[in-house]
Amino acid sequence: MRQQIIATAAVLHARRDRLMPTEAAQAVAQLPRELKAVWRAGEIPNRTPVKISPGEADDVRAQLPRDLQHVWEDA
């Protein structure tokens, strides 16, 4: 169970840290209360989003359904 909590926190924090603060606030608003606490743990106010390296961005795009890949490329 503890490993699942750690993994969940790692995923949520990685996602949060790559969003603009306003987008992160919108994303956390959609989460259940228990996950909101995990999302907010260690959050730094007024932070700058972490950039995704070009190679990583290509990996993410490759995992998306084909109909969404063009949206990713346009962004």
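Are any of the residues in the stretch 51-70 modelled with pLDDT of 90 or more and among the β-branched types (Val, Ile, Thr)?
Looking for residues that are modelled with pLDDT of 90 or more and among the β-branched types (Val, Ile, Thr), one finds none in the stretch 51-70, hence no.
Let's see how each residue does on (1) part of a helix (DSSP H, G or I); (2) surrounded by 10 or more Cβ atoms within 10 Å (Cβ to Cβ):
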{"site": "Ala10", "(1), (2)": "yes, yes"}
{"site": "Ala14", "(1), (2)": "yes, yes"}
{"site": "Glu23", "(1), (2)": "yes, yes"}
{"site": "Val28", "(1), (2)": "yes, yes"}
{"site": "Arg47", "(1), (2)": "no, yes"}
{"site": "Lys51", "(1), (2)": "no, no"}
{"site": "Val60", "(1), (2)": "yes, yes"}
{"site": "Gln69", "(1), (2)": "yes, yes"}
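The values are calculated or read from the model by the stated rules, or taken from the named source; none is laboratory data. This structure is a prediction, so every number in the text was calculated from the model and none was measured. Methodologically, a virtual Cβ is constructed for each residue, glycine included, from the backbone with ideal geometry; neighbour enumeration extends over all protein chains shown.
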